[in-house]
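The values are calculated or read from the model by the stated rules, or taken from the named source; none is laboratory data. If you're wondering where the values come from, they're calculated on a predicted model, not measured in any experiment. Heads up, the Cβs are rebuilt from the backbone with ideal geometry, glycines too, and the neighbour counts pull from every protein chain shown.
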Amino acid sequence: MKPYELTIAQAVKEMAAGEFTAVELTESCLDRIEKIDKKLQAFITVDREGALSQAIAADKERSAGRVGALCGIPLSIKDLLCTKNVKTTCGSKILENYISPYDATVVDRIRKEGGVILGKVAMDEFAMGSTSETCAFGVPQNPVKSGYVTGGSSGGSAASVASLECLGSLGSDTGGSIRQPASLCGVVGMKPTYGRVSRFGLTAFASSLDQVGPLSRSVTDCATLMNVISAYDKKDSTSVRKATPDFTLSLKKGLDGVRVGIPLEYFKQGLDPEVERVVQNGIEVLRSGGAELVDISLPHTEYCVASYYLIASSEASSNLARYDGVIYGYRDQQADSLLDMYKQTRSKGFGAEVKRRILIGTYALSSGYYDAYYKKASQVRTLILGDYKKAYEKCDILISPVTPTPAWKIGENSDNPLAMYLSDILTISANLAGVPGLSVPGGFTGTGLPVGIQIQGDHFGEEKLIQAAYHLEQELNLELPPLDI
Ligand code: GLN
């Protein structure tokens with residue numbers, strides 16, 4: 001096996017045994033990126049020099065006997081997490097040349113454990129989308145089938161991990177943006193409980209929903225990355241003061257006595273039969289592994305899309321007000337007055353989808369409409385949370401599809417925003433309720449497209465998600481799909 005093909009756990013072992021150095025591993029990833037990324041377009045920025053100097057430092061630390069959990073492990077970072085010295089574009093022209101003066105807390109935590117940051121990866125502009133097609137710097141391809149979407153918005157993260165350009169990645173999930181691309185590209189992706197992972201240095205899309213999480217090639221690696229990034233952070237006022245368990249201890253717990261809920265509303269019409277087949281097979285694997293199956297109803301699921309798009313767009317309209325050409329990012333040079341400068345900067349700097357969200361959000365928040373839209377949506381949000389709380393009296397985790405369909409062709413839905421929004425129906429509720437969710441590879445369609453299985457849990461119940469996902473991974477024992485890059 002080539003070094004870049006290894007999982008984090010394997011690479012950690014091999015480096016400890018002296019099979020190769022962090023510099024050699026990093027070089028093998030950088031060479032792979034060089035070879036395939038022109039077509040794949042997972043990376044927006046490759047930081048060759050920075051990565052190599054971090055790898056040299058990791059090798060030095062190792063020889064001094066200081067071996068962090070990610071010592072010498074090359075990772076990619078979604079381009080909305082701030083990185084000192086390397087551009088953070090958010091996939092937008094308005095931040096094309098923006099360099100943050102500080103690292104996001106999660107980036108800092110990765111560095112402290114010896115991780116090597118290869119660069120920043122593609123995403124839908126400001127994380128608004130489900131395909132990564134709204135990225136201003138090229139559309140990433142699905143590594144398993146070129147011409148197909150990676151999913152989004154963390155499409156570059158999923159593509160870079162699935163295509164063996166890096167060993168793991170960090171993404172963000174506001175309405176499914178980690179779980180959905182993980183499912184469509186055939187990797188593991190986890191959205192932690194809201195408040196488990198610091199959002200300091202995560203560019204805000206919808207602050208009450210955004211959460212950072214890992215994408216990886218195995219459940220074990222997901223647990224390792226969760227160990228590194230989870231912690232209370234006084235720089236994020238929504239971070240929760242709660243001890244971080246060792247998530248790797250959950251891996252081998254087995255399933256005896258675990259109550260697995262099957263939410264009936266997640267298996268309704270519109271679900272692709274091949275996706276359903278993969279998920280039903282996963283349910284059977286859990287049952288025969290000792291889990292008890294329970295039928296669950298989450299009756300407000302049908303309102304989650306409307307509620308989410310009102311809340312997320314409202315918060316986005318407020319958060320994105322800061323991009324006015326004054327403090328940072330692009331500034332239009334032709335304008336002849338301050339007002340015109342604001343107008344031109346925002347008109348030229350933002351893409352169509354971001355403008356659509358700002359318009360929806362500004363409308364929903366405007367006086368006279370607030371009660372009818374934002375307030376109503378927030379009330380529905382409380383009902384959705386109530387559905388989960390009731391469900392978790394009867395079960396420990398929920399199992400379901402991640403998305404109603406497998407990946408589709410690039411361009412197929414790009415001028416149909418409503419179809420795109422509706423495809424988020426199975427991931428959004430977890431964000432509205434703040435509960436954790438995970439996508440683990442479950443199988444493939446007849447044409448070889450990956451299909452993930454979603455596991456959701458109660459607040460701070462990530463350990464149970466990891467426990468069940470590991471069981472599925474071991475029992476299904478899927479081969480990595482052949483790559484088409
Ligand atoms: N697809 C959803 C949206 O467009 C979710 C995006 C996300 O999780 N960042 O808003």
Given the conditions (1) in contact (Cβ under 8 Å) with a residue 40 or more places away in the chain; (2) within 16 Å of the ligand (Cβ to nearest atom), every one holds for residue 87 apart from (2)
Counting only residues that are within 16 Å of the ligand (Cβ to nearest atom) and not in a strand (DSSP E or B), the stretch 208-237 contains a total of 4
Scanning the stretch 287-306 residue by residue, those buried (at least 23 other Cβ atoms within 10 Å of the Cβ) and more than 12 Å from the ligand (Cβ to nearest atom) turn out to be 291, 296, 298
Of the residues in the stretch 3-23 that are under 29 Å from residue 146 (Cα atoms) and without any contact (Cβ under 8 Å) to a residue 60 or more places away in the chain, the one that is surrounded by the fewest Cβ atoms within 10 Å (Cβ to Cβ) is 10
If you go through 273, 299, the only one that is within 18 Å of residue 401 (Cα to Cα) and free of Cβ contacts under 8 Å to residues at least 12 places away in the same chain is 273
For the stretch 441-477 the number of residues that are outside any helix (DSSP H, G or I) and without any contact (Cβ under 8 Å) to a residue 40 or more places away in the chain is 1
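Every residue, every condition in (1) away from the ligand (no atom under 16 Å from the Cβ); (2) polar (S, T, N, Q); (3) in contact with a strand residue (DSSP E or B) (Cβ under 6 Å, 6 or more places away or on another chain), yes or no:
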| site | (1), (2), (3) |
| --- | --- |
| 113 | yes, no, no |
| 119 | yes, no, yes |
| 125 | no, no, no |
| 128 | no, no, no |
Every listed condition ((1) at pLDDT 95 or above; (2) among the small types (Gly, Ala, Ser); (3) closer than 23 Å to residue 475 by Cβ; (4) surrounded by fewer than 22 Cβ atoms within 10 Å (Cβ to Cβ)) holds for residue 207 save (3)
- Query: Does residue 197 qualify as being surrounded by 24 or more Cβ atoms within 10 Å (Cβ to Cβ) and away from the ligand (no atom under 16 Å from the Cβ)?
  - Reply: no
message: For the stretch 263-275, check the following and say yes or no: at least one residue is within 19 Å of residue 384 (Cβ to Cβ), part of a loop (DSSP other than H, G, I, E, B) and among the hydroxyl-bearing types (Ser, Thr, Tyr).
response: no
Would you mind stating whether residue 49 is surrounded by fewer than 16 Cβ atoms within 10 Å (Cβ to Cβ) and either outside any helix (DSSP H, G or I) or touching a helix residue (DSSP H, G or I) at 6+ places or on another chain (Cβ under 8 Å) (or both)? no
Scanning the stretch 143-180 for residues that are within 16 Å of the ligand (Cβ to nearest atom), outside any loop (DSSP other than H, G, I, E, B) and either surrounded by fewer than 24 Cβ atoms within 10 Å (Cβ to Cβ) or not hydrophobic (A, V, I, L, M, F, W, C) (or both) gives 155, 156, 157, 169, 171, 172, 179, 180
